[in-house]
Amino acid sequence: MVLKNILGKYVTLELVENEQNANFITHSGTFHADEVMATVFLLNKFDNIKLCRTTNPTNNNAFIYDVGFGEYDHHSIDFDKVRSNGIKFASCGLVWEKYGFDIADMIGVNKQSFYDAIEKNLVMDIDRDDNGQTLKNEPEIKMQNIPNLIASFNPNWDDLSKEGECFLKAVDFANTIFNNMVSNIISKEKAKVIIEKKLGETEGNILILDNYMPWKEIVLSSKNPKAENILYAVFPSKRGGYNVVATPQLPGSFDVKKPFPSSWAGLEGEELRKVSKIATINFCHKNLFICACDTFEDAIKIASISLNNKGN
């Protein structure tokens, strides 16, 4: 199988039956996100892999993971490596710990922040799932997380599909997830540079961006004292016109520091224009965290009126 790595370079993964012909070995049988994502990491580090899937590895010259009770297997009874947050290491985390910084070097990003982002957003949940650790306050609905989705590539009990072919499909899927996540992290790092510069130039409570970029988490985590004063961001909408978005109180929250006027909630078009006295305003979310309008001038007016509104 041929895949593209995070640099867009073609790399190969070949399954071999004879482990003496393999340079990498993992376990056979039902596969999990643990060794599947670890395989993706190894492909980015070593380019071309001949992988044998077996339950009893004997080729000590190969890199063995998630089987064999070696350095990159977490199944031995005395294995107790755990993170400070209580999430135990599985093979995915062990491989990432070994080669994550090397992979960061390949793409020329800040190594520590890149390593931590992949660890937080991808690796830890895979390790948690593989070790059978449940999330606190887990909802009644079945969460379709990355471990579940990768596991879904296993053949069903009544399916005659070849297990090896299914494993390769799972690796292909996991490789796409990893590549997308790396691209997202690099993009956010670029956005951080731009937004920090914009914060330095901003006087007052309104952050003006030339185009949309992921700004909320960057503003909330910025060490620039001006960031604390940002209550709204204004930027061109992908749908045309402009969006005005209120700054959340916490990352990922829809509770904002300064909502739009409550009289605007859920209104659209002429009705909203009549209430707000803003000529091109088109929409205000019922939860008062985003407004849309046609012109930049009206976007600034939306933010200014909301800043001075005493009802919120």
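I'm checking my understanding of the structure. Among residues of the range 260-312 that are under 20 Å from THR247 (Cα atoms), among the aliphatic types (A, V, I, L, M) and touching a helix residue (DSSP H, G or I) at 6+ places or on another chain (Cβ under 8 Å), which one is surrounded by the fewest Cβ atoms within 10 Å (Cβ to Cβ)?
Here the answer is ILE305.
In the range 152-186, how many are among the small types (Gly, Ala, Ser) and open to solvent by 60 Å² or more (accessible area, probe 1.4 Å)? I'd like the intermediate steps shown before the answer.
Narrowing the range 152-186 to residues among the small types (Gly, Ala, Ser): 152, 161, 164, 170, 174, 183.
Narrowing further to those that are open to solvent by 60 Å² or more (accessible area, probe 1.4 Å): 152, 183.
Here the count works out to 2.
Please enumerate the residues belonging to the range 93-110 that are touching a residue at least 60 places away in the same chain (Cβ under 8 Å) and open to solvent by 60 Å² or more (accessible area, probe 1.4 Å).
Step one: of the range 93-110, the residues touching a residue at least 60 places away in the same chain (Cβ under 8 Å) are 103, 106-107, 109-110.
MET106, ASN110, listed by residue number.
Taking the condition of being in contact with a helix residue (DSSP H, G or I) (Cβ under 8 Å, 6 or more places away or on another chain) and either more than 18 Å from VAL256 (Cβ to Cβ) or open to solvent by 40 Å² or more (accessible area, probe 1.4 Å) (or both), how many residues in the range 205-216 meet it?
Counting residues in the range 205-216 that are in contact with a helix residue (DSSP H, G or I) (Cβ under 8 Å, 6 or more places away or on another chain) and either more than 18 Å from VAL256 (Cβ to Cβ) or open to solvent by 40 Å² or more (accessible area, probe 1.4 Å) (or both) gives 4.
Limited to the range 40-58, what total is found for residues that are part of a loop (DSSP other than H, G, I, E, B) and crowded, with 18+ Cβ neighbours inside 10 Å? Show your work before the answer.
Just the residues of the range 40-58 that are part of a loop (DSSP other than H, G, I, E, B), to begin with: 47, 54-58.
Those left that are additionally crowded, with 18+ Cβ neighbours inside 10 Å: 54, 57.
Number satisfying all stated conditions: 2.
The values are calculated or read from the model by the stated rules, or taken from the named source; none is laboratory data. Because the structure is predicted, anything quoted here is derived from the model rather than measured. Glycine gets a Cβ as well: all are built from the backbone with ideal geometry, and neighbour counts include every protein chain shown. Quick note on the areas: whole protein, heavy atoms, side chains included, nothing else; ligands and nucleic acids left out. Shrake-Rupley method; radii C 1.70, N 1.55, O 1.52, S 1.80 Å.
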